[in-house]
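What follows is a single structure, written as structure tokens, with notes after it.
The values are calculated or read from the model by the stated rules, or taken from the named source; none is laboratory data. Computed from a predicted structure; not experimentally measured. No Cβ is skipped: glycine too gets one built from the backbone with ideal geometry, and neighbour counts run over all protein chains shown. Please note that ligands, DNA and RNA were not included when accessible areas were found on the heavy atoms of the full protein model with its side chains. Shrake-Rupley method; radii C 1.70, N 1.55, O 1.52, S 1.80 Å.
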Amino acid sequence: MMWLKGTIWIALGIVVYAYAGYTILLMFLALIKKWLKPFKPATIHETWPEVTLLVAAYNEKQILDKKVRNIREIDYPAGCLHVVFVTDGSDDGSEQYLARYNDITVYHQPERKGKSAAMNRVMPYIHTPYVVFCDANTMLNREAVKELIKQFNADNVGCVAGEKKVAMEAVDRAASSGESIYWHYESFIKKMESEVYSAVGAAGELYALRTSLFRPVPEDTILDDFVVSLEVIRQGYIIRYTSHAFSVEEGSLSMGEEIKRKIRIATGSFQALFRYPRLLNIFSYGFFSFQYFSHKVLRWAIVPLAILILFIFNLAVVVHGGEKIYLVLFILQLFFYGLVFVGYLLRQKDIKMRYLFLPYYLISMNAAMVAGFIRYCRGHYTPAWEKSIRREGRG
């Protein structure tokens, strides 16, 4: 019985640390660092460097006009921002549609090998010192490029991650509500990580890179953005984060679409984990190894198992007449899973109480991690991204 009780507290500690403790620790360390060494503000350039905005688009013809208008609104000196679209595999006429814009370069090939292969093919043609990556279905704020480039004010900054925002309405559903709340939480963690040392990875919706640091990624790579940013760390640079440069996209149309997307992301997460085990070597990568383990590895590989163990072992102790504290802990878990069930029942309803969906979203996300691990082990995946159906029919 003692080992059951001990395992319960270990499992609970893992879950609490992964979702709250690590964040609190980062906040504490950030305060100490600000006190010891005030943060150096981003540089405002008198002469802005040339930048390439590289947009990945797969069958996005229906949104290209809006995307081009959004690019036109970006505040960056004329002649210094070069726009490149890569439309490999698109069969909706995207490349012909974009050809009418004289100031946009389009790279296209009929064969679809996935985003990683497309990036590998196009990057040798990019000669500007910086490249900004974004997706066709995400809209950028007007100052996005300047805010990203300003962060390269230190020689050790190799990549800058922008903020991902999920559009929300007055009433919303489980998928978009949970996704939006989760990304607010993720953005805060990245901000704290960046202030303490380095953000752990960048989201493909918006990030900037020193072009010289790009390294071709294996063509079967699922999370190209994460792998490209990890390569920056491997080369001895850090990833900075800024909330002043952000992308906005619509939330998934349904929780089913969101889970499908999460399973694919989870599969890619395990692919990256097994390809970059050396990043966990604290003697080589120092504090970043601690961040990588706490932010990513713990949540990917350990938390889903800890959640399951916590419930099953807690139930066993209660059945065998354990102390009252274990009964209280089990009742709290039942209450949490009750909220998960409520979220499941209301998943297709438009409601204002967005946080009601959070328990359901968290459990669905952890279930997706398990499914993603199984898919990775079986090798049942492809680098070609299957678009999720988003609101207003967007992918």
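The table for this structure:
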| item | result |
| --- | --- |
| Single residue of the range 312-344 satisfying the filter (among the aromatic types (Phe, Trp, Tyr) and open to solvent by less than 60 Å² (accessible area, probe 1.4 Å)) that is farthest from Ala367 (Cα to Cα) | Tyr326 |
| Meets criteria (modelled with pLDDT under 95, closer than 30 Å to Val200 by Cα, open to solvent by 80 Å² or more (accessible area, probe 1.4 Å) and touching a Phe, Trp or Tyr at 6+ places or on another chain (Cβ under 9 Å)) for Arg264 | no |
| Of residues in the range 297-311 being open to solvent by 30 Å² or more (accessible area, probe 1.4 Å), within 15 Å of Leu4 (Cβ to Cβ) and of a type outside the set (Val, Ile, Thr), the one farthest from the chain's Cα centre (by Cα) | Phe311 |
